[in-house]
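Beneath this line is the structure, given in structure tokens, with notes to follow.
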Amino acid sequence: MRESPEVLGFINGLLTAGFLVGALFFLRFWRETRDSLFRAFAAAFLLLGLAQPLPLLTGIPSESQAPIYLIRLAAFLLIIWAILRKNMGAGRR
């Protein structure tokens, strides 16, 4: 089954908006607590929100072939780093 470009664009827009709203929530939590875990999550969600529409906007047919995929990898590595840092006891900066 092949989706139309309009449907893919709509879904990408929804995902982008969701990631950016998530980034704003984590930024608000960071402002209230000054916990670096929330700041890292906000940055990671911002990266995910910025990377989501790039394959569609640049016309890349498959995400797995795109160097844009490295932006998502960076976001997930940032999340993993923040969690490990928090669990090691250095999370309040």
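The values are calculated or read from the model by the stated rules, or taken from the named source; none is laboratory data. Here the structure is a predicted model, which means the values were calculated and not measured. Every residue, glycine as well, gets a Cβ built from its backbone with ideal geometry; the counts of neighbours run over all protein chains shown. Ligands, DNA and RNA are excluded from the accessible area calculation, which covers all protein heavy atoms including side chains. Shrake-Rupley method; radii C 1.70, N 1.55, O 1.52, S 1.80 Å.
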Query raised in the report: Which of the residues spanning the stretch 1-24 are of a type in the set (A, V, I, L, M, F, W, C) and under 10 Å from PHE45 (Cα atoms)?
Result: PHE19, LEU20, VAL21, ALA23, LEU24
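Would you call GLY22 touching a Phe, Trp or Tyr at 6+ places or on another chain (Cβ under 7 Å), of a type in the set (Gly, Ala, Ser) and assigned to a helix (DSSP H, G or I)? Don't jump to the end; show me each part of the working.
On the way: touching a Phe, Trp or Tyr at 6+ places or on another chain (Cβ under 7 Å): yes; of a type in the set (Gly, Ala, Ser): yes; assigned to a helix (DSSP H, G or I): yes.
Considered against the rule, which asks whether it is touching a Phe, Trp or Tyr at 6+ places or on another chain (Cβ under 7 Å), of a type in the set (Gly, Ala, Ser) and assigned to a helix (DSSP H, G or I), GLY22 comes out as yes.
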Report task. State yes or no: is ARG39 open to solvent by 80 Å² or more (accessible area, probe 1.4 Å), in a helix (DSSP H, G or I), under 19 Å from LEU84 (Cβ atoms) and modelled with pLDDT of 90 or more? Result -> yes
Report summary line: By residue number, the members of the stretch 1-12 that are open to solvent by 50 Å² or more (accessible area, probe 1.4 Å) and of a type in the set (S, T, N, Q) are none
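Name the residue, out of LEU27, LEU15, that is among the aliphatic types (A, V, I, L, M), surrounded by fewer than 16 Cβ atoms within 10 Å (Cβ to Cβ) and within 18 Å of the chain's Cα centre (by Cα).
Working: LEU27 fails: surrounded by fewer than 16 Cβ atoms within 10 Å (Cβ to Cβ).
Every option except LEU15 fails the conditions.
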